[in-house]
1. Just to be sure before I move on: is A:ARG153 part of a helix (DSSP H, G or I), within 7 Å of chain B (Cβ to nearest Cβ) and open to solvent by 60 Å² or more (accessible area, probe 1.4 Å) in the structure I sent?
2. Can you report the number of residues in region A:85-118 which are touching a Phe, Trp or Tyr at 6+ places or on another chain (Cβ under 9 Å), among the small types (Gly, Ala, Ser) and part of a loop (DSSP other than H, G, I, E, B)?
3. I'd like the full set of residues that are of a type in the set (Val, Ile, Thr) and either under 14 Å from A:PHE115 (Cα atoms) or open to solvent by 10 Å² or more (accessible area, probe 1.4 Å) (or both), limited to region A:178-197.
4. I'd like the full set of residues that are of a type in the set (Asp, Glu), more than 12 Å from chain A (Cβ to nearest Cβ) and free of Cβ contacts under 8 Å to residues at least 60 places away in the same chain, limited to region B:85-109.
5. Can you name every residue in region A:104-125 that is in contact with a Leu (Cβ under 8 Å, 6 or more places away or on another chain) and charged (D, E, K, R)?
6. For region B:123-143, what are the residues that are open to solvent by 10 Å² or more (accessible area, probe 1.4 Å) and outside any loop (DSSP other than H, G, I, E, B)?
7. Given the criterion on the phi < 0 side of the Ramachandran plot and within 14 Å of chain B (Cβ to nearest Cβ), identify the matching residue among A:ALA143, A:ALA148.
8. Out of A:VAL181, A:VAL112, report the one residue that is within 11 Å of chain B (Cβ to nearest Cβ) and at pLDDT 95 or above.
Protein chains: 2
Amino acid sequence: MIGIVGGTGDFGQGLAERLRRIGEEVVLGSRTPRDEFVANRDCAKDSDIVFLSVPPGGLAEMCAGLATDLEGKIVVSVASPVVFRDGKAAAEPGELSLAELGAKAAPGARMVAGFHTVSAKALARVDEPLDEDVLLCGDDEDAKGIVADLAERLVEGRAVDAGRLEVARWLEPLTAVLLNVNRRYKVSSGVRVTGLP
Amino acid sequence: MIGIVGGTGDFGQGLAERLRRIGEEVVLGSRTPRDEFVANRDCAKDSDIVFLSVPPGGLAEMCAGLATDLEGKIVVSVASPVVFRDGKAAAEPGELSLAELGAKAAPGARMVAGFHTVSAKALARVDEPLDEDVLLCGDDEDAKGIVADLAERLVEGRAVDAGRLEVARWLEPLTAVLLNVNRRYKVSSGVRVTGLP
(Lines give C-alpha, C1' and ligand atoms only; values in the text may rest on other atoms or scores of the structure.)
Protein backbone atom coordinates (compact mmCIF):
# COMPACT_ATOMS: atom_id res chain seq x y z
CA MET A 1 0.00 0.00 0.00
CA ILE A 2 1.30 3.46 -0.93
CA GLY A 3 0.17 6.42 1.13
CA ILE A 4 0.13 10.04 0.14
CA VAL A 5 0.06 12.30 3.16
CA GLY A 6 -1.43 15.63 2.18
CA GLY A 7 -2.94 14.17 -0.94
CA THR A 8 -5.35 16.96 -1.79
CA GLY A 9 -3.11 19.01 -4.11
CA ASP A 10 -2.24 18.55 -7.80
CA PHE A 11 0.89 16.61 -6.96
CA GLY A 12 -0.83 14.14 -4.65
CA GLN A 13 -3.87 13.71 -6.87
CA GLY A 14 -1.82 13.17 -10.02
CA LEU A 15 0.57 10.80 -8.27
CA ALA A 16 -2.33 8.79 -6.81
CA GLU A 17 -4.01 8.31 -10.17
CA ARG A 18 -0.75 7.37 -11.88
CA LEU A 19 0.08 4.88 -9.13
CA ARG A 20 -3.38 3.30 -9.47
CA ARG A 21 -2.89 2.98 -13.21
CA ILE A 22 0.27 0.94 -12.68
CA GLY A 23 -1.67 -1.32 -10.36
CA GLU A 24 -0.69 0.04 -6.95
CA GLU A 25 -3.13 0.43 -4.10
CA VAL A 26 -3.14 4.00 -2.85
CA VAL A 27 -4.47 5.64 0.28
CA LEU A 28 -4.76 9.40 0.52
CA GLY A 29 -4.31 11.24 3.80
CA SER A 30 -5.58 14.63 4.86
CA ARG A 31 -5.70 16.69 8.01
CA THR A 32 -9.47 16.78 7.56
CA PRO A 33 -10.55 13.23 6.66
CA ARG A 34 -13.60 13.09 4.35
CA ASP A 35 -14.77 11.22 1.23
CA GLU A 36 -11.71 9.41 -0.16
CA PHE A 37 -9.31 10.93 2.40
CA VAL A 38 -8.40 9.19 5.63
CA ALA A 39 -6.58 10.86 8.50
CA ASN A 40 -2.87 11.37 7.77
CA ARG A 41 -2.05 9.12 10.73
CA ASP A 42 -4.07 6.21 9.28
CA CYS A 43 -2.61 6.89 5.85
CA ALA A 44 0.92 6.55 7.26
CA LYS A 45 0.08 3.51 9.40
CA ASP A 46 -1.50 1.54 6.57
CA SER A 47 1.25 2.15 4.00
CA ASP A 48 4.65 0.65 3.22
CA ILE A 49 5.73 3.69 1.25
CA VAL A 50 4.55 7.14 2.30
CA PHE A 51 4.84 10.19 0.06
CA LEU A 52 4.89 13.47 1.95
CA SER A 53 3.07 15.89 -0.32
CA VAL A 54 2.79 18.75 2.14
CA PRO A 55 3.81 22.43 1.98
CA PRO A 56 7.48 22.99 2.86
CA GLY A 57 6.68 24.91 6.04
CA GLY A 58 4.65 22.04 7.44
CA LEU A 59 6.89 19.10 6.60
CA ALA A 60 9.02 18.81 9.73
CA GLU A 61 6.03 19.33 12.01
CA MET A 62 4.07 16.73 10.05
CA CYS A 63 6.94 14.25 10.44
CA ALA A 64 7.18 14.95 14.17
CA GLY A 65 3.45 14.37 14.60
CA LEU A 66 3.55 11.12 12.62
CA ALA A 67 6.94 9.93 13.90
CA THR A 68 5.57 6.73 15.49
CA ASP A 69 3.46 5.88 12.45
CA LEU A 70 6.36 6.44 10.06
CA GLU A 71 8.67 4.13 12.03
CA GLY A 72 10.26 1.67 9.60
CA LYS A 73 8.30 3.07 6.66
CA ILE A 74 9.87 4.25 3.43
CA VAL A 75 9.11 7.95 3.37
CA VAL A 76 9.51 10.06 0.24
CA SER A 77 9.98 13.79 0.70
CA VAL A 78 9.07 15.64 -2.51
CA ALA A 79 8.95 19.11 -0.95
CA SER A 80 10.98 22.10 -2.05
CA PRO A 81 11.52 25.38 -0.17
CA VAL A 82 9.68 27.35 -2.83
CA VAL A 83 8.08 30.71 -2.11
CA PHE A 84 6.48 33.18 -4.51
CA ARG A 85 7.52 36.83 -4.62
CA ASP A 86 5.54 39.11 -6.95
CA GLY A 87 4.26 35.99 -8.65
CA LYS A 88 7.77 34.74 -9.34
CA ALA A 89 9.08 31.48 -7.94
CA ALA A 90 11.97 31.77 -5.52
CA ALA A 91 13.46 29.42 -2.96
CA GLU A 92 14.33 30.01 0.65
CA PRO A 93 16.42 27.00 1.60
CA GLY A 94 17.68 26.60 5.14
CA GLU A 95 20.97 25.10 6.20
CA LEU A 96 19.44 21.61 6.08
CA SER A 97 17.15 20.26 3.39
CA LEU A 98 13.47 19.74 4.12
CA ALA A 99 14.09 16.01 3.75
CA GLU A 100 16.81 16.12 6.42
CA LEU A 101 14.55 18.12 8.74
CA GLY A 102 11.86 15.51 8.18
CA ALA A 103 14.31 12.70 8.91
CA LYS A 104 15.37 14.39 12.14
CA ALA A 105 11.73 14.82 13.17
CA ALA A 106 10.88 11.19 12.36
CA PRO A 107 14.14 9.36 13.01
CA GLY A 108 12.60 5.90 12.44
CA ALA A 109 11.54 6.76 8.89
CA ARG A 110 13.59 5.50 5.97
CA MET A 111 13.77 8.88 4.28
CA VAL A 112 14.27 9.30 0.54
CA ALA A 113 14.15 12.70 -1.17
CA GLY A 114 13.08 12.93 -4.77
CA PHE A 115 10.61 13.93 -7.47
CA HIS A 116 11.49 17.64 -6.98
CA THR A 117 11.84 18.09 -10.73
CA VAL A 118 8.49 16.48 -11.54
CA SER A 119 5.93 19.19 -12.19
CA ALA A 120 2.70 18.85 -10.21
CA LYS A 121 0.80 20.08 -13.24
CA ALA A 122 2.44 17.54 -15.54
CA LEU A 123 1.77 14.84 -12.96
CA ALA A 124 -1.88 15.83 -12.87
CA ARG A 125 -2.24 15.41 -16.65
CA VAL A 126 -2.48 11.68 -16.08
CA ASP A 127 -3.05 10.75 -19.72
CA GLU A 128 0.29 12.24 -20.80
CA PRO A 129 3.51 10.26 -20.24
CA LEU A 130 6.18 11.94 -18.11
CA ASP A 131 9.17 12.47 -20.42
CA GLU A 132 11.74 12.95 -17.68
CA ASP A 133 13.94 11.40 -15.04
CA VAL A 134 13.44 11.31 -11.29
CA LEU A 135 16.40 12.30 -9.11
CA LEU A 136 16.65 10.57 -5.75
CA CYS A 137 18.87 10.91 -2.73
CA GLY A 138 18.92 9.13 0.59
CA ASP A 139 21.13 7.34 3.08
CA ASP A 140 19.09 4.10 3.14
CA GLU A 141 20.20 2.38 -0.07
CA ASP A 142 17.48 -0.30 0.07
CA ALA A 143 14.73 2.28 0.53
CA LYS A 144 16.18 4.39 -2.26
CA GLY A 145 16.26 1.34 -4.55
CA ILE A 146 12.60 0.55 -3.87
CA VAL A 147 11.58 4.14 -4.59
CA ALA A 148 13.76 4.05 -7.73
CA ASP A 149 11.92 0.95 -9.01
CA LEU A 150 8.60 2.66 -8.40
CA ALA A 151 9.76 5.92 -10.02
CA GLU A 152 10.88 4.11 -13.18
CA ARG A 153 7.37 2.74 -13.59
CA LEU A 154 5.97 6.28 -13.40
CA VAL A 155 8.24 8.14 -15.83
CA GLU A 156 9.59 7.48 -19.31
CA GLY A 157 13.09 8.24 -18.09
CA ARG A 158 15.03 6.67 -15.27
CA ALA A 159 15.57 7.04 -11.58
CA VAL A 160 18.92 8.74 -11.05
CA ASP A 161 20.74 8.13 -7.79
CA ALA A 162 22.11 11.50 -6.66
CA GLY A 163 23.73 10.09 -3.54
CA ARG A 164 23.23 10.68 0.14
CA LEU A 165 20.29 12.49 1.76
CA GLU A 166 22.40 15.63 2.30
CA VAL A 167 22.38 16.18 -1.47
CA ALA A 168 18.70 17.13 -1.15
CA ARG A 169 19.97 20.53 0.08
CA TRP A 170 21.06 21.36 -3.47
CA LEU A 171 18.39 19.37 -5.30
CA GLU A 172 15.33 20.82 -3.57
CA PRO A 173 15.91 24.44 -4.76
CA LEU A 174 16.02 23.21 -8.37
CA THR A 175 12.21 23.29 -8.32
CA ALA A 176 12.42 27.11 -8.21
CA VAL A 177 14.63 27.08 -11.33
CA LEU A 178 12.18 24.89 -13.23
CA LEU A 179 9.22 27.03 -12.13
CA ASN A 180 11.01 30.03 -13.64
CA VAL A 181 11.60 28.06 -16.84
CA ASN A 182 7.89 27.20 -16.83
CA ARG A 183 6.95 30.84 -16.45
CA ARG A 184 9.20 31.85 -19.35
CA TYR A 185 8.09 29.13 -21.78
CA LYS A 186 4.52 28.51 -20.49
CA VAL A 187 5.25 24.81 -19.96
CA SER A 188 5.59 22.20 -17.23
CA SER A 189 9.24 21.33 -17.53
CA GLY A 190 11.19 18.42 -16.11
CA VAL A 191 14.75 17.19 -16.26
CA ARG A 192 16.70 14.38 -17.85
CA VAL A 193 20.25 13.68 -16.75
CA THR A 194 22.54 13.09 -19.72
CA GLY A 195 25.81 11.20 -19.92
CA LEU A 196 24.68 8.24 -17.82
CA PRO A 197 25.75 4.72 -18.82
CA MET B 1 36.77 38.09 -29.25
CA ILE B 2 35.82 35.80 -26.37
CA GLY B 3 37.89 35.94 -23.22
CA ILE B 4 38.25 33.28 -20.58
CA VAL B 5 39.45 34.75 -17.32
CA GLY B 6 41.12 32.03 -15.29
CA GLY B 7 41.52 29.84 -18.32
CA THR B 8 44.04 27.38 -16.93
CA GLY B 9 41.59 24.73 -15.65
CA ASP B 10 39.73 21.93 -17.44
CA PHE B 11 36.67 24.11 -17.91
CA GLY B 12 38.54 27.02 -19.45
CA GLN B 13 40.78 24.85 -21.60
CA GLY B 14 37.91 22.76 -22.93
CA LEU B 15 35.74 25.79 -23.56
CA ALA B 16 38.55 27.59 -25.38
CA GLU B 17 39.20 24.68 -27.73
CA ARG B 18 35.49 24.18 -28.44
CA LEU B 19 35.05 27.90 -29.13
CA ARG B 20 38.00 27.84 -31.53
CA ARG B 21 36.49 24.87 -33.34
CA ILE B 22 33.31 26.83 -34.04
CA GLY B 23 35.43 29.65 -35.44
CA GLU B 24 35.62 32.03 -32.50
CA GLU B 25 38.74 33.91 -31.52
CA VAL B 26 39.65 33.20 -27.93
CA VAL B 27 41.97 34.86 -25.47
CA LEU B 28 42.90 33.16 -22.23
CA GLY B 29 43.62 35.11 -19.08
CA SER B 30 45.63 34.15 -16.02
CA ARG B 31 46.89 35.82 -12.88
CA THR B 32 50.36 34.79 -14.00
CA PRO B 33 50.63 35.60 -17.73
CA ARG B 34 52.89 33.21 -19.65
CA ASP B 35 52.88 31.29 -22.94
CA GLU B 36 49.34 31.49 -24.33
CA PHE B 37 47.97 33.30 -21.27
CA VAL B 38 47.68 37.06 -21.08
CA ALA B 39 46.96 38.99 -17.89
CA ASN B 40 43.33 38.69 -16.80
CA ARG B 41 42.97 42.45 -17.19
CA ASP B 42 44.06 42.34 -20.85
CA CYS B 43 41.87 39.30 -21.42
CA ALA B 44 38.84 41.23 -20.15
CA LYS B 45 39.73 44.43 -22.00
CA ASP B 46 40.19 42.73 -25.39
CA SER B 47 36.98 40.67 -25.28
CA ASP B 48 33.30 41.28 -26.02
CA ILE B 49 32.21 38.26 -24.02
CA VAL B 50 34.16 37.26 -20.92
CA PHE B 51 33.77 33.88 -19.25
CA LEU B 52 34.72 33.88 -15.58
CA SER B 53 36.23 30.48 -14.98
CA VAL B 54 37.59 31.10 -11.52
CA PRO B 55 37.16 29.30 -8.17
CA PRO B 56 33.99 30.36 -6.34
CA GLY B 57 35.87 32.00 -3.47
CA GLY B 58 37.73 34.32 -5.83
CA LEU B 59 34.92 35.40 -8.15
CA ALA B 60 33.67 38.54 -6.44
CA GLU B 61 37.21 39.78 -5.77
CA MET B 62 38.15 39.09 -9.39
CA CYS B 63 35.14 41.10 -10.57
CA ALA B 64 36.00 43.98 -8.25
CA GLY B 65 39.57 44.05 -9.53
CA LEU B 66 38.44 43.97 -13.18
CA ALA B 67 35.37 46.20 -12.72
CA THR B 68 36.60 48.91 -15.11
CA ASP B 69 37.69 46.40 -17.74
CA LEU B 70 34.37 44.53 -17.57
CA GLU B 71 32.34 47.72 -18.06
CA GLY B 72 29.80 47.11 -20.84
CA LYS B 73 31.09 43.59 -21.47
CA ILE B 74 28.93 40.49 -21.49
CA VAL B 75 30.22 38.49 -18.55
CA VAL B 76 29.34 34.83 -18.04
CA SER B 77 29.60 33.45 -14.53
CA VAL B 78 29.90 29.67 -14.60
CA ALA B 79 30.98 29.27 -10.98
CA SER B 80 29.21 27.15 -8.38
CA PRO B 81 29.71 27.24 -4.60
CA VAL B 82 31.07 23.70 -4.57
CA VAL B 83 33.30 22.41 -1.80
CA PHE B 84 34.57 18.91 -1.17
CA ARG B 85 34.12 17.18 2.18
CA ASP B 86 35.75 13.75 2.59
CA GLY B 87 36.04 13.62 -1.18
CA LYS B 88 32.31 14.19 -1.65
CA ALA B 89 30.93 17.19 -3.47
CA ALA B 90 28.86 19.57 -1.40
CA ALA B 91 27.74 23.16 -1.87
CA GLU B 92 27.96 26.10 0.49
CA PRO B 93 25.76 28.71 -1.12
CA GLY B 94 25.42 32.12 0.46
CA GLU B 95 22.36 34.31 0.50
CA LEU B 96 23.23 35.69 -2.94
CA SER B 97 24.48 33.69 -5.89
CA LEU B 98 28.09 33.99 -6.98
CA ALA B 99 26.83 35.64 -10.17
CA GLU B 100 24.98 38.29 -8.17
CA LEU B 101 28.06 38.92 -6.01
CA GLY B 102 30.06 39.31 -9.22
CA ALA B 103 27.47 41.70 -10.64
CA LYS B 104 27.59 43.80 -7.47
CA ALA B 105 31.39 43.91 -7.61
CA ALA B 106 31.42 44.85 -11.31
CA PRO B 107 28.19 46.84 -11.72
CA GLY B 108 28.99 47.82 -15.33
CA ALA B 109 29.19 44.20 -16.46
CA ARG B 110 26.26 42.64 -18.30
CA MET B 111 26.15 39.54 -16.13
CA VAL B 112 24.76 36.22 -17.30
CA ALA B 113 24.97 33.06 -15.20
CA GLY B 114 25.08 29.69 -16.89
CA PHE B 115 26.89 26.49 -17.86
CA HIS B 116 26.74 25.22 -14.25
CA THR B 117 25.49 21.84 -15.44
CA VAL B 118 28.22 21.43 -18.06
CA SER B 119 30.91 19.14 -16.71
CA ALA B 120 34.44 20.50 -16.96
CA LYS B 121 35.64 16.98 -17.76
CA ALA B 122 33.08 16.54 -20.53
CA LEU B 123 33.98 19.96 -21.87
CA ALA B 124 37.64 18.98 -21.94
CA ARG B 125 36.90 15.91 -24.08
CA VAL B 126 36.71 18.19 -27.07
CA ASP B 127 36.13 15.45 -29.65
CA GLU B 128 32.90 14.32 -27.98
CA PRO B 129 29.69 16.28 -28.56
CA LEU B 130 27.98 17.68 -25.48
CA ASP B 131 24.62 15.92 -25.27
CA GLU B 132 22.96 18.43 -22.97
CA ASP B 133 21.32 21.80 -22.54
CA VAL B 134 22.77 24.99 -21.08
CA LEU B 135 20.67 26.82 -18.48
CA LEU B 136 21.05 30.58 -18.39
CA CYS B 137 19.79 33.35 -16.17
CA GLY B 138 20.33 37.07 -16.20
CA ASP B 139 18.61 40.43 -16.03
CA ASP B 140 20.06 41.75 -19.31
CA GLU B 141 17.89 40.04 -21.93
CA ASP B 142 20.10 41.05 -24.87
CA ALA B 143 23.24 39.75 -23.18
CA LYS B 144 21.47 36.55 -22.26
CA GLY B 145 20.31 36.11 -25.86
CA ILE B 146 23.84 36.50 -27.19
CA VAL B 147 25.19 33.96 -24.72
CA ALA B 148 22.27 31.66 -25.63
CA ASP B 149 23.20 31.79 -29.30
CA LEU B 150 26.79 30.96 -28.46
CA ALA B 151 25.77 28.14 -26.10
CA GLU B 152 23.59 26.50 -28.74
CA ARG B 153 26.62 26.27 -31.03
CA LEU B 154 28.54 24.48 -28.29
CA VAL B 155 26.04 21.83 -27.17
CA GLU B 156 23.72 19.39 -28.93
CA GLY B 157 20.82 20.61 -26.83
CA ARG B 158 19.49 24.10 -26.41
CA ALA B 159 20.01 27.18 -24.30
CA VAL B 160 17.23 27.31 -21.72
CA ASP B 161 16.25 30.68 -20.31
CA ALA B 162 15.75 30.20 -16.57
CA GLY B 163 14.83 33.81 -15.96
CA ARG B 164 16.36 36.60 -13.94
CA LEU B 165 19.86 36.62 -12.43
CA GLU B 166 18.48 35.88 -8.96
CA VAL B 167 17.60 32.37 -10.17
CA ALA B 168 21.33 31.59 -10.17
CA ARG B 169 20.97 31.17 -6.39
CA TRP B 170 19.13 27.90 -6.98
CA LEU B 171 20.88 26.90 -10.19
CA GLU B 172 24.48 27.18 -9.00
CA PRO B 173 24.18 24.47 -6.29
CA LEU B 174 22.93 21.99 -8.91
CA THR B 175 26.57 21.41 -9.81
CA ALA B 176 27.00 19.65 -6.46
CA VAL B 177 24.07 17.34 -7.29
CA LEU B 178 25.59 16.41 -10.65
CA LEU B 179 29.01 15.84 -9.12
CA ASN B 180 27.37 13.35 -6.75
CA VAL B 181 25.67 11.67 -9.71
CA ASN B 182 29.07 11.52 -11.42
CA ARG B 183 30.62 9.92 -8.37
CA ARG B 184 27.87 7.30 -8.23
CA TYR B 185 27.87 6.37 -11.92
CA LYS B 186 31.50 7.22 -12.82
CA VAL B 187 30.39 9.62 -15.56
CA SER B 188 30.38 13.31 -16.48
CA SER B 189 26.68 14.04 -16.40
CA GLY B 190 24.74 16.99 -17.72
CA VAL B 191 21.13 18.03 -17.92
CA ARG B 192 18.41 18.35 -20.50
CA VAL B 193 15.22 20.20 -19.69
CA THR B 194 12.16 18.30 -20.91
CA GLY B 195 8.69 19.58 -21.75
CA LEU B 196 9.87 22.67 -23.67
CA PRO B 197 8.05 23.70 -26.84
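1. On the way: part of a helix (DSSP H, G or I): yes; within 7 Å of chain B (Cβ to nearest Cβ): no; open to solvent by 60 Å² or more (accessible area, probe 1.4 Å): yes.
Taking the combined requirement at face value, the residue does not satisfy it.
2. Of the residues in that region, 1 qualify.
3. Step one: filter region A:178-197 for residues of a type in the set (Val, Ile, Thr), giving A:181, A:187, A:191, A:193-194.
Across region A:178-197, the qualifying residues are A:VAL187, A:VAL191, A:VAL193, A:THR194.
4. Restricting attention to region B:85-109, the residues satisfying the condition of being of a type in the set (Asp, Glu) are B:86, B:92, B:95, B:100.
Filter once more, keeping what is more than 12 Å from chain A (Cβ to nearest Cβ): B:100.
Correct list: empty.
5. Listed by number, the list holds a single entry, A:LYS104.
6. B:ALA124, B:GLU141, B:ASP142, listed by residue number.
7. A:ALA148
8. Details: A:VAL112 fails: within 11 Å of chain B (Cβ to nearest Cβ).
Result: A:VAL181 is the single residue among A:VAL181, A:VAL112 that is within 11 Å of chain B (Cβ to nearest Cβ) and at pLDDT 95 or above.
The values are calculated or read from the model by the stated rules, or taken from the named source; none is laboratory data. Note that this is a predicted model, so its numbers are computed, not measured. Cβ sites come from the backbone with ideal geometry, for glycine too, and all protein chains shown count toward neighbours. Heads up: the accessible areas ignore ligands, DNA and RNA and are worked out on the full protein's heavy atoms, side chains in. Shrake-Rupley method; radii C 1.70, N 1.55, O 1.52, S 1.80 Å.
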